[in-house]
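Structure first, then comments.
Nothing in this text is a laboratory measurement; each read-out follows from the coordinates by a stated rule. Computed from a predicted model, the values in this text were never measured in an experiment. Cβ placement follows ideal geometry from the backbone for every residue including glycine, while neighbour counts extend to all protein chains displayed.
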Amino acid sequence: MADPSFDVVSKVDRQEVDNALNQASKELSTRFDFRGTGAKVEWAGEHAVTIEAETEERAKAAVEVFKEKLIKRGISLKAFEAGEPAVSGKIYKINGKIIEGIESDKAKKIAKFIRDEGPKGVQAQIQGDQLRVSGKKKDHLQEVIALLKNEDFGIALQFTNYR
């Protein structure tokens, strides 16, 4: 029988992000302080979000509204990255992106952290944009999950396929 293992991934529920975006868009269209500012938030591709408003301050406020909605839908703010406001004609645009997958340098950093801090006999292998952690005992794997939850790697981590 194979050793117990689990996967460390960084994924977001696309439907929840879509719901958060729609809620933010609705709030921007109904809130008094956003009336007449042309504030809107919309998809700009598979993992990209565009936030627009007529003033820089309203554009930044629209980003905050979107972040609030993400939190309410259970999505970590580490999975959303917003750029700086850029002027496009009379409109300020902020380009944001939804971050998924673990980049290879972060994966190496996480694997090294598991090797250094984790219990003996636990291995971490990088598989594309995720890590597979395996060990002899399930207790050791639970220790690794606890260690990873307490450490900040700058990305949202989830633990899947625990067996």
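A simple spin-label model places pseudo-atoms 7 Å from Cα toward Cβ; at GLU42 and GLU16 they are separated by 2.6 nm. Note on LYS60 and GLU81: the extension gain reaches 6.3 nm, defined as 0.36 nm multiplied by sequence separation minus the Cα-Cα distance.
Could you give the length gained on full extension between GLN158 and GLU143, defined as 0.36 nm per residue of separation minus the Cα-Cα distance, in nm?
So the extension gain works out to 3.9 nm.
Consider a paramagnetic label point 7 Å from the Cα of GLN125 along Cα→Cβ; state which residues of the range 99-117 have an amide N under 20 Å from it. Once the point is set 7 Å along Cα→Cβ of GLN125, 102-116 turn out to lie under 20 Å by backbone N, inside the range 99-117. Ordering PRO119, ILE75, GLY36 by Cα displacement along the dipole of the chain toward the positive end leaves PRO119 in first place; charges were set at the Cβ atoms of Lys, Arg (+1) and Asp, Glu (-1). Inter-label distance, ALA2 to THR50: 4.4 nm, where each label sits 7 Å from its Cα along the C-beta direction. Amide H of SER5 versus every other amide H placed in the peptide plane: which residues, excluding those fewer than 5 positions away on the same chain, fall under 5 Å? Correct list: ARG163. For the range 1-77, GluC sites (Glu not before Pro) are listed when DSSP marks them as loop and at most 15 other Cβ atoms sit within 10 Å of their Cβ; the list is GLU46, GLU54. Between LEU77, LEU147, LEU28, the Gaussian network model of the chain with springs among Cα atoms under 10 angstrom shows the greatest mean-square fluctuation at LEU147. Site pair PHE32 and GLU117 shows an inter-label distance of 4.7 nm when each label is modelled 7 Å from Cα along Cα→Cβ. Sites listed here are chymotrypsin sites (Phe, Trp or Tyr not before Pro) in the range 94-163 whose DSSP assignment is loop and whose Cβ has at most 15 other Cβ atoms within 10 Å: TYR162.
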